[in-house]
Amino acid sequence: QVQLVESGGGLVQPGGSLRLSCAASGNSFSIYSMGWYRQAPGKQRELVAAITNGDSTNYADSVKDRFTISRDNAKNTVYLQMNSLKPEETAVYYCKVVGITRYFWGQGTEVTGSS
């Protein structure tokens with residue numbers, strides 16, 4: 001089993017920044033990619049950004065040029081630097097870790113944009 005511990009969520013003013021972290025630990029698990037998804041109230045969960053173990057990245061169009069995903073392979077940790085946050089980006093942000101045959105979700109960290 002793999003445990004994912006997320007941190008960094010909170011209340012942020014429009015235009016503000018937050019940095020999310022997700023650390024993976026547990027049984028030996030070959031990680032292929034790590035990513036962040038978000039789910040706003042009443043909406044489906046959507047991809048925000050993902051990064052492979054080869055550092056290839058993929059971003060939702062809505063966050064390009066504002067969000068940056070990175071990872072520390074030695075620490076099995078993925079980060080999401082979020083800049084210029086918008087109130088409509090209020091959501092629960094979930095970390096997802098993908099292996100060859102399995103994937104795991106974190107418990108989510110809440111990001112709330114104040115107006």
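Bear in mind these aren't lab numbers, they're just calculated from the coordinates by the rules spelled out. Since we're looking at a predicted model, the values are computed, not measured. Positions of Cβ are generated from backbone atoms using ideal geometry, with glycine treated the same way; all protein chains shown enter the neighbour counts.
The table for this structure:
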quantity: Approximate shape of segment 22-115 as ellipsoid semi-axes (Cα gyration tensor, √5λ), whole Å, largest first; calculated: 23, 14, 11
quantity: Distance (nanometres) between label positions extended 7 Å along Cα→Cβ at Leu11 and Gln107; calculated: 2.2 nm
quantity: Set of lysines near Lys64 by C-alpha distance (under 25 Å), chain-local residues within fewer than 8 positions excluded; calculated: Lys43, Lys86, Lys96
quantity: Estimated dipole of the chain in Debye, rounded to 20 [Cβ of Lys and Arg +1, of Asp and Glu -1, Cα centre]; calculated: 140 debye
quantity: Protection proxy ranking, peptides 86-95, 1-10, average beta carbon neighbours within 10 Å, highest first; calculated: 86-95, 1-10
quantity: Antiparallel DSSP beta bridges within segment 8-115, as percent of all bridges there, nearest 5; calculated: 90 percent
quantity: Within segment 4-28: backbone nitrogen closer than 19 Å to the Glu88 label point (7 Å, Cα to C-beta); calculated: 12-17
